[in-house]
1. So if I check each of Val85, Val140, which one is at pLDDT 95 or above, in a strand (DSSP E or B), surrounded by 15 or more Cβ atoms within 10 Å (Cβ to Cβ) and touching a helix residue (DSSP H, G or I) at 6+ places or on another chain (Cβ under 6 Å)?
2. Could you check, for the range 116-135, whether at least one of its residues is closer than 19 Å to Ala49 by Cβ and touching a residue at least 60 places away in the same chain (Cβ under 8 Å)?
3. Taking the condition of being in contact with a helix residue (DSSP H, G or I) (Cβ under 9 Å, 6 or more places away or on another chain), farther than 18 Å from Lys164 by Cα and of a type in the set (Asp, Glu), how many residues in the range 40-82 meet it?
4. Select from the range 96-112 the residues that are of a type in the set (Lys, Arg) and modelled with pLDDT of 95 or more and write down the one among them that is surrounded by the most Cβ atoms within 10 Å (Cβ to Cβ).
5. So how many residues does the range 65-82 have that are surrounded by fewer than 17 Cβ atoms within 10 Å (Cβ to Cβ) and at negative phi?
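The values are calculated or read from the model by the stated rules, or taken from the named source; none is laboratory data. Remember, it's a predicted structure, so these values are computed and weren't measured experimentally. Counting neighbours? That spans all protein chains shown, and the Cβs are built from the backbone with ideal geometry, glycine included.
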Amino acid sequence: MNKIVFSILIVTISFFGSMASARKRVAVFQDWAVFTADKHKECWLVSAAAKVENTRGGKPAINVTRGDIILWVSILPKQKVYGEVAFTGGYPFKKGKMLKLQIGSAKYDLISKGDYAWSASPEIDTKIRVSMTKGSTAIVTAESQRGTKTKDTFSLRGFTAALKDAKSRCGI
């Protein structure tokens, strides 16, 4: 089993926490896993960071404690959510500071609250998803409340197949 797939399995278990019994992993496409909820048509595509970099003052930060580092897309038709892109870096983000998402040459701002971040609109989510289907990596840069700068790289191998599968399972 490759390292990223194993990471996806471990991270997604903790990502869904106590709700894991209501949600189940139904497919893995290279570096992306698809989860669904049985009671409602709800789907998620989930990936763990393939590479993590932490710096303070421009130097590598060694003693950094972070929780799960996950990029995911939610498809929740009953809530009229058709592909919301979200990220958690495993720490509270610096208040008032946007996170940066880069896929190839395309750059997007992500709004943060606590330790979660997402785009400003469904239209931007669409642009991000299109970039994700064309790109090879997604890089999220952020800063913690303590001033640690992070750069998390996600593989996009399998994203397009996972998105297609999740859309089909959720009827869109």
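1. Criteria check complete, one pass: Val85.
2. no
3. Matching residues across the range 40-82 total 1.
4. Once the filter is applied, the top-ranked residue is Lys100.
5. Residues in the range 65-82 being surrounded by fewer than 17 Cβ atoms within 10 Å (Cβ to Cβ) and at negative phi: 6 in total.
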